[in-house]
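Here the structure comes first, spelled out in structure tokens, and everything after it is commentary.
The values are calculated or read from the model by the stated rules, or taken from the named source; none is laboratory data. From a predicted model like this one, the values you see are computed outputs, not experimental measurements. Note that each Cβ is placed from the backbone with ideal geometry, even for glycine, and that neighbours are counted across all protein chains shown.
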């Protein structure tokens, strides 16, 4: 299978990450938002494939502008990208108890009580 | 610091950061790199915080917030900032701190949704705190301009070594 080129990745960014009104960002808008760190001509060349080996910095700036993780261009950075996991109810309870200075063993006990209470209420609701 | 004692994920994150930013970089460059890695803006703020807390971080829908205590001395401010960055780099913080209930940063500012932040502020496990501190310690010597500002006691505290 042919490897995706940088130009294709950049093109996809412009096509899929649009302005709130649905229009694609112009090269000038992106360049302006990045404080001129990349100029509009370079962006155009990057998207068309005229620049095939841009510096890391340019691509990282595009990630910042389009709000996509850097692993989009650099797969090895996936280990630094945020995970979608959220904190479970049990972890939130532990967090709340920890912030109140409740000792670990007592936390376990209280979380156990809360879980038992929740289970009891679920079965009552079903009845 | 004995490399054998440093967890693999800390070593890996450290290597990638130095590979991408070089051996000497500014705090701003590190924050930009963090923003790029997470695909979100990073906001660094100073706030008055309760005793015992020098900083915390929170992932809003659109912004990753790093807060450090107001008027910390420069070395501790940098150390705290790097520690909070490390939590993000080491993926201790998910994309959003409170899942679907997470607000945008603007909504937080408007509504003063302090509850969520208070609740999650102390939620990291001890091993995560140690890992974040290790990565912060490894990074601090790479941040531009720190060498002139770090007093001897702080050098010892952070195990500072010069990369020049």
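Miscellaneous remarks
- Among the residues making up the range A:5-41, those that are out of contact with any helix residue (DSSP H, G or I) (no Cβ under 7 Å at 6 or more places or on another chain), under 23 Å from residue B:32 (Cα atoms) and not in a helix (DSSP H, G or I) are A:18, A:19, A:26, A:35, A:36.
- Identity of the residue in the range A:72-97, more than 7 Å from chain B (Cβ to nearest Cβ), buried (at least 18 other Cβ atoms within 10 Å of the Cβ) and modelled with pLDDT of 90 or more, that ends up nearest to the chain's Cα centre (by Cα): A:72
- Screening residue B:89 on (1) modelled with pLDDT of 90 or more; (2) surrounded by fewer than 20 Cβ atoms within 10 Å (Cβ to Cβ); (3) within 14 Å of chain A (Cβ to nearest Cβ) shows it passes everything except condition (2).
- One residue stands out among those in the range A:54-71 that are more than 7 Å from chain B (Cβ to nearest Cβ) and assigned to a helix (DSSP H, G or I): the one that is surrounded by the most Cβ atoms within 10 Å (Cβ to Cβ), which is A:62.
- When residue A:115 is tested against (1) away from every other protein chain (no Cβ under 12 Å); (2) modelled with pLDDT of 80 or more, exactly one condition is not met: (2).
- Test: residue B:65 is within 14 Å of chain A (Cβ to nearest Cβ), touching a strand residue (DSSP E or B) at 6+ places or on another chain (Cβ under 6 Å) and assigned to a helix (DSSP H, G or I): no
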